[in-house]
There are 2 protein chains.
Amino acid sequence: MATTNRQFVLGKRPEGTPDRDTFELEEIEVPEPEYGEVLVRTLSLSVDPYMRGRMDEAESYAESWQVGEPMEGAVVGEVVESEHEAWSAGAFVTGNLTWSEYATAHGDRLSPVEPGENLGLEAHLGVLGMPGRTAYFGTRDVLDPYPGDTVVVSGAAGAVGSTVGQIAKLAGTRVVGFAGSEEKVRYLEEDLGFDVGINYTETDDYREALDEAAPDGVDRYFDNVGGPISDAVFTRLNVDATVAVCGQIDTYNATEAPTGPRKLPMVIAPRATVQGFLVFDYEPRFPQATEHLREWVEAGDIEHRETVVEGFENAPDAFLGLFSGDNIGKQVVKVAEPDS
Amino acid sequence: MATTNRQFVLGKRPEGTPDRDTFELEEIEVPEPEYGEVLVRTLSLSVDPYMRGRMDEAESYAESWQVGEPMEGAVVGEVVESEHEAWSAGAFVTGNLTWSEYATAHGDRLSPVEPGENLGLEAHLGVLGMPGRTAYFGTRDVLDPYPGDTVVVSGAAGAVGSTVGQIAKLAGTRVVGFAGSEEKVRYLEEDLGFDVGINYTETDDYREALDEAAPDGVDRYFDNVGGPISDAVFTRLNVDATVAVCGQIDTYNATEAPTGPRKLPMVIAPRATVQGFLVFDYEPRFPQATEHLREWVEAGDIEHRETVVEGFENAPDAFLGLFSGDNIGKQVVKVAEPDS
């Protein structure tokens, strides 16, 4: 039985870009599960861009973290001790827990992690987790592309974007992805089957890059990033274009309200639809998404990758790396190896 | 039979805000109708903000006007001579003709102007014309408000906005309108039944004005204007909000790509839908719109007003006045009195 435990709490609210001082590492007791609860040993921890919003005082769609209180996020772990009838020691589970090596949660709030072809434990934080579901509903329900459409994805090599592009390819579309390195572009084109990857660090003229990569214009745009990439894509929208606004990581660390070219004038002539969405709204259909994604992954139709930072104490670096584009695919923190 | 005729041609393409030099007045012959055509004497001429786009070389949804070629627009007129079986001299018609005192058009391209309760000839350029249809489909199909919703309209005292607000009121909503003078605000509140009119020339703090006028936030926003008004409204969108982007008159005369606060980040938390639209797409349903609008106007459920500039030669002033907000309701040019 473990005797030491560590957790990260919010050290202070970041002004602009977070840094190591945003996080504070604390030694705490290993909690005791109460009736209905389960003690989980964290194996892998998810860090996600949306967490940046939780660091601010102003509440958005996700509850604000409080200074001195533990951060929370998706975890894959192993049950150590269970006071809940559904779970017993040694079971692999996933759920939203605190950033800690050991945490308790009510057993009803955990889901089983079922092994499968092409599926490691970390996949349950990525392609089978919240990012995969975001891609699934964002592509199928919001973007809803037709065969032959040109689909553009920003943040294309990330956990969400990489899955969006592959689902769009399965739907018979031409897929163009923006990503921030040659390695990522190769990943898009060679491993994921994107038609064209655009390395946005290699050119300032995204419009020209689009004219080459998407000569028939843009029918569907899945936006994880915002900023100058979106500025360019909006100038290339076809009639009846749809823009799914999933994330805007380009603006998350802004200290003043970010400005840019006005886009409302650009939606009139193409009769474009711009749709913000949150994956949480699709919760009743999460099982459908997970099942579908699992089938695709097991059949080899959808590839996935995780970028792993080793060691619980390095979770802040993993998070900060999201904003410098360190990750290909899903960024996770490997905390421990399974016992069983 | 008339012996003189005048027309306006595009004198030169405006850089930024148009002025009198944008327009050139020419004396021409009265045209002879060919087989199938009708000679129409212009009684009233419509000037509309969308025409600004036609003055530019870059083509948007409406064809560019050419320098030296006549401008075109909606006209109400009287048939002088007909070579088309559907029309005979003395009939009142409406259609898209050149900016001239006399013009020919194929008879199939003209529609009858039927008199009615509360309906002068000019109403067929406004509430029963393109602006009324824009309001009708923009409100019913795009905005689609529910009873109890708060609907915000920019350019609320204009031809489109004034009708949008009244249709939204008929749908059981709370309606807030932005307009540019105290007289317009009184028009909204006293004549049209808007719940609140906001005079945007009297305050810079549109957010605060909205907090007072729309304390429950904004469910639906019908945007004719763009710019700082839209910047404020986007910060007050409720979950499931819809924004109908009809026009962006604030930006039409910009000489450089206009910039402003980025709005894509603002659509995520409210899962907002931003929808550009063009009335032309609804053409198959124009008769439905006209009939419905006519019923409302005749029953006194929808008020309408025209601001009239007298004299064909003053058409440019009427057009330029759209950008300084001279008009309440529909801006028209009175060219001649009917003979019959």
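The values are calculated or read from the model by the stated rules, or taken from the named source; none is laboratory data. None of the values given here were measured: they were computed from a predicted structure. Cβ: placed from backbone, ideal geometry, glycine included. Neighbour counts: every protein chain shown. Areas reflect the complete protein model, heavy atoms only, side chains present, ligands, DNA and RNA absent. Shrake-Rupley method; radii C 1.70, N 1.55, O 1.52, S 1.80 Å.
Reported count of residues in region B:85-116, each being within 22 Å of B:Thr4 (Cα to Cα) and either not in a strand (DSSP E or B) or not assigned by TED's automatic domain parsing to the domain that holds B:Glu37 (or both), is 6. Within region B:231-243, the residues that satisfy the criterion of being closer than 22 Å to B:Lys169 by Cβ and under 23 Å from the mean Cα position of the chain (by Cα) are B:Val233, B:Thr242, B:Val243.
So in region A:178-212, with the set limited to residues that are over 14 Å from A:Asp250 (Cβ atoms) and in contact (Cβ under 8 Å) with a residue 60 or more places away in the chain, which one is most open to solvent (accessible area, probe 1.4 Å)? Before the answer, list the steps.
Just the residues of region A:178-212 that are over 14 Å from A:Asp250 (Cβ atoms), to begin with: A:181-199, A:202-205, A:207-212.
Adding the requirement that they be in contact (Cβ under 8 Å) with a residue 60 or more places away in the chain leaves A:181, A:183-184, A:187, A:191-192.
Working: A:Ser181: 32, A:Glu183: 105, A:Lys184: 24, A:Tyr187: 10, A:Asp191: 75, A:Leu192: 13 Å².
Applying the filter and picking the extreme gives A:Glu183.
Which of the residues belonging to region B:136-161 are closer than 19 Å to B:Gly126 by Cα and assigned to a loop (DSSP other than H, G, I, E, B)? Give the derivation first.
Taking region B:136-161 as the starting set, the residues that turn out to be closer than 19 Å to B:Gly126 by Cα are B:136-140, B:153-161.
Those that are closer than 19 Å to B:Gly126 by Cα and assigned to a loop (DSSP other than H, G, I, E, B): B:Ser154, B:Gly155, B:Ala156, B:Ala157.
For region B:274-297, the set of residues classified as facing chain A (nearest Cβ under 7 Å) and either open to solvent by 30 Å² or more (accessible area, probe 1.4 Å) or in contact with a His (Cβ under 9 Å, 6 or more places away or on another chain) (or both) consists of B:Gln275, B:Asp281, listed by residue number. Condition test on B:Ile268, is it open to solvent by less than 30 Å² (accessible area, probe 1.4 Å) and within 8 Å of chain A (Cβ to nearest Cβ)? Here the answer is yes, as B:Ile268 does meet what is asked.
Taken over region B:61-84, the residue count meeting the criterion of being assigned to a loop (DSSP other than H, G, I, E, B) and open to solvent by 60 Å² or more (accessible area, probe 1.4 Å) is 5. Whenever a residue of region A:282-310 is within 17 Å of A:Val113 (Cα to Cα) and hydroxyl-bearing (Ser, Thr, Tyr), its partners that are open to solvent by less than 80 Å² (accessible area, probe 1.4 Å) and assigned to a loop (DSSP other than H, G, I, E, B), lying with C-beta atoms within less than 9 angstrom and at least six residues away or across chains, give the pairs A:Thr290/A:Leu128; A:Thr290/A:Gly129.
Any idea which of B:Pro70, B:Pro112 is farther than 22 Å from B:Gly311 by Cβ and over 17 Å from the mean Cα position of the chain (by Cα)? Explain how you work it out, then say what you get.
Details: B:Pro70 fails: farther than 22 Å from B:Gly311 by Cβ.
Going through B:Pro70, B:Pro112 in turn, just one is farther than 22 Å from B:Gly311 by Cβ and over 17 Å from the mean Cα position of the chain (by Cα): B:Pro112.
Provide a single number: the residues in region A:298-307 that are loosely packed, with under 15 Cβ neighbours inside 10 Å and within 30 Å of A:Gly11 (Cβ to Cβ).
First, the residues of region A:298-307 that are loosely packed, with under 15 Cβ neighbours inside 10 Å: A:298-301.
From the residues that got through so far, the ones that are within 30 Å of A:Gly11 (Cβ to Cβ) too are none.
Number satisfying all stated conditions: 0.
Take region A:1-27 and flag every residue that is in contact with a Pro (Cβ under 9 Å, 6 or more places away or on another chain) and either outside any loop (DSSP other than H, G, I, E, B) or open to solvent by 20 Å² or more (accessible area, probe 1.4 Å) (or both). Even if it seems obvious, please write down each step before you answer.
So the first thing to find is which residues in region A:1-27 are in contact with a Pro (Cβ under 9 Å, 6 or more places away or on another chain), and the list is A:5, A:7-10, A:18-23, A:25-26.
Result: A:Asn5, A:Gln7, A:Phe8, A:Val9, A:Leu10, A:Asp19, A:Arg20, A:Asp21, A:Thr22, A:Phe23, A:Leu25, A:Glu26.
Being assigned to a loop (DSSP other than H, G, I, E, B) and more than 7 Å from chain B (Cβ to nearest Cβ) is the filter here, so list the residues in region A:248-262 that pass it. Walk me through how you get there before you give the answer.
As a first pass, look at region A:248-262 and keep what is assigned to a loop (DSSP other than H, G, I, E, B): A:248, A:252-258, A:262.
Scanning region A:248-262 gives A:Tyr252, A:Asn253, A:Ala254, A:Thr255, A:Glu256.
Screening A:Arg54 with (1) open to solvent by 30 Å² or more (accessible area, probe 1.4 Å); (2) of a type in the set (D, E, K, R); (3) touching a Ser or Thr at 6+ places or on another chain (Cβ under 7 Å) gives one miss only, at (1). In a residue-by-residue description of region B:146-156, the property of being in contact with a Pro (Cβ under 9 Å, 6 or more places away or on another chain) and surrounded by fewer than 17 Cβ atoms within 10 Å (Cβ to Cβ) applies to no position. All of A:Asn224, A:Asn199 fail the test of being within 23 Å of A:Ser324 (Cα to Cα), at pLDDT 95 or above and away from chain B (no Cβ under 14 Å), apart from A:Asn199. Of all residues in region A:217-227, at least one satisfies being open to solvent by less than 20 Å² (accessible area, probe 1.4 Å) and assigned to a helix (DSSP H, G or I).
Taking region A:250-265 as the range and being within 20 Å of the chain's Cα centre (by Cα) and surrounded by 22 or more Cβ atoms within 10 Å (Cβ to Cβ) as the test, the residues that pass are A:Asp250, A:Tyr252. If you go through region A:23-82 and keep only what is farther than 22 Å from A:Pro131 by Cα and either within 14 Å of chain B (Cβ to nearest Cβ) or acidic (Asp, Glu) (or both), you end up with A:Glu24, A:Glu26, A:Glu27, A:Glu29, A:Glu32, A:Glu34, A:Glu37, A:Glu57, A:Ala58, A:Glu69, A:Glu81.
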